[in-house]
Amino acid sequence: MSNPSKIDFQTKCVHSGINDNEYGSVIPPIYQTSTFKFKSAEHGAALFAGEEKGYIYSRMLNPTVEAMENAIAELEGGHKALGCASGMAAAHTIFASLLSAGDHVVCSSAVYGPTSTLLNTVMKKFGVETSFVDSSNLQEVEDAMKPCTKLVFIETPGNPTLCISDIERISKIAHTNKSIVAIDNTFMSPALQNPLALGADIVMHSLTKFLNGHADVVGGVVVVKDEETYKLFRKTLNQTGGVIDPFNSFLVHRGLKTLHLRMEKHCSNAQKIAGWLEEHPFVKELRYPGLKSHPHYETGLKQQKGPGGLITFEVDGGFEAGKVLMNSVKLCTLAVSLGGVETLIQHPASMTHFSMGQEARKAAGISDGLVRLSVGIEKAEDILSDLEQALKKVKELNLYPAEN
Ligand SMILES: Cc1ncc(COP(=O)(O)O)c(C=O)c1O
């Protein structure tokens with residue numbers, strides 16, 4: 001796109017990654033092919049030697065995948081992006097590219113469960129040590145830094161506690177220590193937060209969530225700032241093989257066109273629902289970045305363009321009461337994942353964060369009664385009535401006859 005810096009984000013969502021296509025197709029075609037024909041033996045050799053630009057084999061690069069990668073790189077304000085088979089493949093690409101035995105990682109304690117498990121198992125096996133810190137507390141980040149800290153990996157807002165970490169100040173702390181900063185921006189999307197502009201070096205997403213937005217793709221992406229990092233990451237991804245395929249890339253690219261609209265609606269719906277839940281007598285410990293009661297509300301205002309679509313809370317009566325809520329919803333769907341157009345509800349301690357183990361969950365502030373709501377783009381009042389009827393079922397449990 002010409003002069004992209006002058007174009008509004010909303011317009012970029014529609015046009016990014018779209019170039020002139022064969023036959024004038026307005027949308028990039030799905031190049032559902034594993035391999036590409038060379039014009040001659042010399043041509044093939046020149047492509048492999050990097051002397052000519054072109055496509056060789058879809059694990060290495062594919063035009064449909066590349067169009068989606070270019071779109072996301074543009075939306076994040078990065079140099080280039082790498083499409084991965086999942087968000088976890090994106091996290092692994094970052095870790096496997098940057099870390100060697102003897103390196104140390106500082107990571108938010110409130111991260112997606114399997115991210116902490118990956119660091120604590122596979123990466124640990126290869127000699128990489130990780131310190132998990134409450135990254136919303138800058139002192140904890142600073143205190144955890146060591147001379148061998150190669151990477152600071154932050155998820156903000158964190159999953160599932162929604163604690164918010166100051167990207168700009170953490171980047172300064174890390175860069176003083178010559179460490180690289182990677183941000184998992186899955187909960188915000190580039191519509192609401194741009195970590196590279198705040199000083200981070202690398203951004204990753206689970207494409208499975210808001211970027212695709214329709215709960216029909218598993219994918220991931222890493223966005224980098226410079227060609228050297230891009231080449232290093234591309235080499236890793238090519239060797240480890242965790243690439244996204246053309247059809248899923250096509251779907252993600254299609255989803256991006258409505259990202260701006262969807263994020264606006266996720267935010268306005270979640271704001272209404274969080275405000276309503278906060279006043280409900282059976283709801284406690286509610287966290288939503290758009291409410292002043294959120295402990296990091298000011299940091300969120302500083303670095304986010306909106307509070308997002310995730311709400312966490314506990315139902316009075318603990319996990320038993322939470323289970324009744326989850327089993328009683330009719331419109332909200334009981335399922336893990338987030339960021340799709342439909343509202344989902346789930347229980348982190350027994351689902352998304354089960355693999356971390358109870359001790360790590362406790363350290364990350366994930367209580368056994370915590371329920372996570374990913375608010376969709378339905379009519380807010382319909383979601384509210386569903387939650388209201390489900391909370392009435394909780395009342396029927398008769399856990400608190402005296403007060404209610
Ligand atoms: C914040 C965050 N990062 C990474 C992931 C992993 O993504 P995927 O499931 O696409 O591998 C998830 C999945 O829920 C997530 O919520």
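Here Ala200 meets the list (1) more than 12 Å from the ligand (Cβ to nearest atom); (2) in contact with a strand residue (DSSP E or B) (Cβ under 9 Å, 6 or more places away or on another chain); (3) not in a loop (DSSP other than H, G, I, E, B) almost entirely, failing just condition (3). Selection over the range 178-194 of residues that are without any contact (Cβ under 8 Å) to a residue 60 or more places away in the chain, in contact with a strand residue (DSSP E or B) (Cβ under 6 Å, 6 or more places away or on another chain) and more than 11 Å from the ligand (Cβ to nearest atom) gives a count of 1.
A quick yes/no check of all residues on (1) in contact with a Pro (Cβ under 6 Å, 6 or more places away or on another chain); (2) closer than 29 Å to Leu387 by Cα; (3) surrounded by fewer than 16 Cβ atoms within 10 Å (Cβ to Cβ):
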{"residue": "Asp245", "(1), (2), (3)": "no, no, no"}
{"residue": "Ser249", "(1), (2), (3)": "no, no, no"}
{"residue": "Gly255", "(1), (2), (3)": "no, yes, no"}
{"residue": "Met263", "(1), (2), (3)": "no, yes, no"}
{"residue": "Gln271", "(1), (2), (3)": "no, yes, no"}
{"residue": "Lys284", "(1), (2), (3)": "no, yes, yes"}
{"residue": "Leu291", "(1), (2), (3)": "no, yes, no"}
{"residue": "His294", "(1), (2), (3)": "no, yes, no"}
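Screening Glu279 with (1) under 20 Å from the mean Cα position of the chain (by Cα); (2) closer than 30 Å to Val315 by Cβ gives one miss only, at (1). I'd like to check something: does the range 379-399 contain any residue that is open to solvent by less than 20 Å² (accessible area, probe 1.4 Å), at pLDDT 95 or above and within 16 Å of the ligand (Cβ to nearest atom)? Scanning the range 379-399, I find no residue that is open to solvent by less than 20 Å² (accessible area, probe 1.4 Å), at pLDDT 95 or above and within 16 Å of the ligand (Cβ to nearest atom), so the answer is no. Regarding the range 62-79, can at least one residue be identified that is closer than 21 Å to Gly199 by Cβ, in contact (Cβ under 8 Å) with a residue 12 or more places away in the chain, more than 16 Å from the ligand (Cβ to nearest atom) and surrounded by fewer than 21 Cβ atoms within 10 Å (Cβ to Cβ)? Within the range 62-79 (the criterion being closer than 21 Å to Gly199 by Cβ, in contact (Cβ under 8 Å) with a residue 12 or more places away in the chain, more than 16 Å from the ligand (Cβ to nearest atom) and surrounded by fewer than 21 Cβ atoms within 10 Å (Cβ to Cβ)), the answer is yes, since at least one residue qualifies.
Scanning the range 315-374 for residues that are out of contact with any Leu (no Cβ under 8 Å at 6 or more places or on another chain), under 20 Å from Cys163 (Cβ atoms) and of a type in the set (Lys, Arg) returns Arg361, Lys362. Among the residues of the range 206-247 satisfying the criterion of being among the polar types (S, T, N, Q) and assigned to a loop (DSSP other than H, G, I, E, B), which is nearest to the ligand (Cβ to nearest atom)? Within the range 206-247, the match that is nearest to the ligand (Cβ to nearest atom) is Thr208. When every residue of the range 224-236 is checked against the conditions, at least one turns out to be closer than 21 Å to Ser97 by Cα, open to solvent by 50 Å² or more (accessible area, probe 1.4 Å) and aliphatic (A, V, I, L, M).
The values are calculated or read from the model by the stated rules, or taken from the named source; none is laboratory data. The shown structure was predicted, so the numbers you read here are calculated from the model rather than taken from an experiment. Reconstructed Cβ throughout: ideal geometry from the backbone, glycine too, with neighbour counts over all protein chains shown. Side chains included, ligands, DNA and RNA excluded: accessible areas come from the protein's heavy atoms. Shrake-Rupley method; radii C 1.70, N 1.55, O 1.52, S 1.80 Å.
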